[in-house]
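See below for the structure under consideration.
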Amino acid sequence: MTQVHSAFQPKEMRSSRRSTRRLALLGATGSIGRQVCDLVERFPDRFTLHAVIAGSDAAGLQAIARRHPEAHVLLAHPGDADASRAARAIDEAVRDPEVDLVIVAAAGSAALAPTLAALEAGKDIALATKEVLVMAGELVRERMRKHGSQIFPIDSEHSAIWQCLWGEKEHGIRRLILTGSGGPFLRRPLETLESVTIAEALTHPRWKMGPKITVDSATMMNKGLEIIEAHFLFDVPYAGIDVVVHPQSVVHSMVEFVDGSIKAQLGVPDMHLPIAIALSFPDRLDSVAPAPDLAALGQLSFEALDALRYPAVALAREAGERGGTTPAVLNAANEEAVALFLKGQRRFVDIVPSVARALEAAQPARDLTLEAVIAADRWARAHVRASAEGSGRLRSKLPA
Ligand SMILES: NC(=O)c1ccc[n+]([C@@H]2O[C@H](COP(=O)([O-])OP(=O)(O)OC[C@H]3O[C@@H](n4cnc5c(N)ncnc54)[C@H](OP(=O)(O)O)[C@@H]3O)[C@@H](O)[C@H]2O)c1
């Protein structure tokens with residue numbers, strides 16, 4: 001393993017000597033973005049919002065601006081206004097020398113260009129949007145290496161692994177163990193998945209999240225994307241990354257070491273915790289959330305992943321192993337299939353087969369350039385939109 005990341009002996013943030021950290025927040029109106037705003041408001045001596053950026057929710061952004069009049073406010077899709085001008089303004093905002101830390105929590109692939117721009121400007125990044133690493137992990141790592149930037153993970157599983165790795169040596173690691181709750185359909189009879197409604201897929205038993213990631217949690221594509229995210233964040237081969245189902249969502253993930261020890265990070269299922277440590281590293285903020293009451297919980301359980309119920313996990317792992325633009329195809333096909341499901345134009349059980357069909361038909365580029373990623377992304381979306389329902393290989397593994 002070649003270490004390009006700070007996970008083992010993280011450096012302090014470049015801004016860590018400044019008393020107040022100035023933040024640029026991409027995805028300010030979303031689930032993660034709102035929790036970042038909460039933390040900024042709870043810890044005003046530690047953080048200020050320098051720029052807040054959203055997609056098209058002007059009212060939501062204005063509400064944030066009223067509470068943070070010092071923040072620059074930007075929309076990526078500002079109605080009638082010039083979209084390329086908006087993209088340039090976002091590019092400038094994330095590169096702004098006044099910004100200490102860029103928080104990337106914009107929905108999916110929209111976050112890629114601003115993330116690459118921020119890394120080029122040498123910014124440290126607190127990353128929620130795993131899709132960026134799935135689409136273009138090699139490009140992200142190349143920019144980090146070249147410009148000396150670091151990524152502090154916000155995804156709860158990766159935050160847990162990150163915290164377990166502090167002070168450890170790379171050669172002491174045997175494997176990373178990602179936990180996943182199994183989502184709302186862990187116990188639902190397979191033959192009834194055909195009739196899953198949008199509301200059912202959006203009802204996660206443990207976490208309150210935005211719609212796309214909530215559906216990804218129901219298919220467990222989210223865990224597949226997280227395998228690829230972990231591969232790039234921690235530079236661990238795919239064979240060294242496992243998944244275990246843990247319905248209580250208290251153990252957020254684990255690292256197994258060569259001596260047979262396992263370190264785990266525990267916490268209540270509240271995204272304020274991993275967001276706070278990514279924003280305040282190397283400090284921990286006081287009383288971000290109550291610690292889990294283990295005696296009241298009584299027991300924590302773990303079970304093997306059911307590959308028949310969750311074919312998305314193996315599909316994503318395979319796409320990651322194939323490399324090149326294959327993970328970008330996986331990501332875009334999944335985003336498109338989930339969007340169609342949320343519009344009522346595809347069934348829940350069509351999501352993963354749509355992605356599988358796109359992967360089967362794709363002709364991926366081996367060399368990863370930004371242009372190749374964008375082309376693969378466009379192709380996969382068009383393929384999913386155009387393709388008929390059903391899938392050869394995977395449909396046979398899903399309920400009829
Ligand atoms: N929610 C969680 O608990 C959680 C946990 C772990 C990881 N994540 C990851 O964090 C990311 C965000 O998730 P979320 O649940 O917060 O999503 P969300 O609630 O759907 O919010 C998405 C945010 O992205 C903004 N956005 C859309 N297009 C944009 C663009 N072109 N440029 C800038 N911003 C844009 C949206 O603005 P508008 O409101 O204007 O559309 C909104 O603020 C996802 O990648 C997800 O996988 C989330």
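The values are calculated or read from the model by the stated rules, or taken from the named source; none is laboratory data. Here the structure is a predicted model, which means the values were calculated and not measured. Here the Cβ is made from the backbone with ideal geometry for all residues, glycine too, and neighbour counts use every protein chain on show.
For the residues Thr203, Thr192, Thr179, the requirement of being farther than 20 Å from Ala136 by Cα, in a loop (DSSP other than H, G, I, E, B) and hydroxyl-bearing (Ser, Thr, Tyr) singles out Thr203. A search for C-beta distances below 6 Å between a residue of segment 231-248 that is closer than 24 Å to Met144 by Cα and any residue that is aliphatic (A, V, I, L, M) and in a helix (DSSP H, G or I), counting only pairs 6+ apart in sequence or on different chains, returns Phe232/Leu133; Ile241/Ile227; Ile241/Ala230.
The single residue among Ile241, Ile161, Ile151 that is crowded, with 18+ Cβ neighbours inside 10 Å and closer than 28 Å to Pro353 by Cβ turns out to be Ile241. For the condition surrounded by 15 or more Cβ atoms within 10 Å (Cβ to Cβ), within 21 Å of the chain's Cα centre (by Cα), at pLDDT 95 or above and β-branched (Val, Ile, Thr), Ile173 does not qualify. Taking segment 331-357 as the range and being in a loop (DSSP other than H, G, I, E, B) and out of contact with any helix residue (DSSP H, G or I) (no Cβ under 6 Å at 6 or more places or on another chain) as the test, the residues that pass are Lys343, Gly344, Gln345, Arg347. Would you please name the residue that is farthest from the chain's Cα centre (by Cα), looking only at residues in segment 126-139 that are under 21 Å from Glu371 (Cβ atoms) and buried (at least 24 other Cβ atoms within 10 Å of the Cβ)? Of everything passing the filter in segment 126-139, Ala136 is farthest from the chain's Cα centre (by Cα).
Condition check: within 11 Å of the ligand (Cβ to nearest atom), buried (at least 20 other Cβ atoms within 10 Å of the Cβ) and basic (Lys, Arg). Does Lys123 satisfy that?
The answer is no for Lys123.
Among the residues of segment 309-339, the ones that are among the hydrophobic types (A, V, I, L, M, F, W, C), over 15 Å from Glu229 (Cα atoms) and either surrounded by fewer than 23 Cβ atoms within 10 Å (Cβ to Cβ) or in contact with a strand residue (DSSP E or B) (Cβ under 7 Å, 6 or more places away or on another chain) (or both) come to 1 in all.
Would it be correct to say that Asp306 is charged (D, E, K, R), surrounded by fewer than 23 Cβ atoms within 10 Å (Cβ to Cβ), at pLDDT 95 or above and under 20 Å from the mean Cα position of the chain (by Cα)?
It is false that Asp306 is charged (D, E, K, R), surrounded by fewer than 23 Cβ atoms within 10 Å (Cβ to Cβ), at pLDDT 95 or above and under 20 Å from the mean Cα position of the chain (by Cα).
When Asp259 is tested against (1) free of Cβ contacts under 8 Å to residues at least 40 places away in the same chain; (2) not in a helix (DSSP H, G or I), just one condition goes unmet, and that condition is (1). Does Val251 satisfy the condition of being out of contact with any strand residue (DSSP E or B) (no Cβ under 9 Å at 6 or more places or on another chain) and modelled with pLDDT of 95 or more? Against the criterion (out of contact with any strand residue (DSSP E or B) (no Cβ under 9 Å at 6 or more places or on another chain) and modelled with pLDDT of 95 or more), Val251 does not qualify.
When segment 126-159 is limited to residues that are within 12 Å of the ligand (Cβ to nearest atom), among the hydrophobic types (A, V, I, L, M, F, W, C) and in a helix (DSSP H, G or I), the one that is nearest to Asp367 (Cα to Cα) turns out to be Met135. Can you say whether Glu92 is more than 12 Å from the ligand (Cβ to nearest atom), under 22 Å from Val373 (Cα atoms) and of a type outside the set (Val, Ile, Thr), as far as the supplied structure shows? The answer is no for Glu92.
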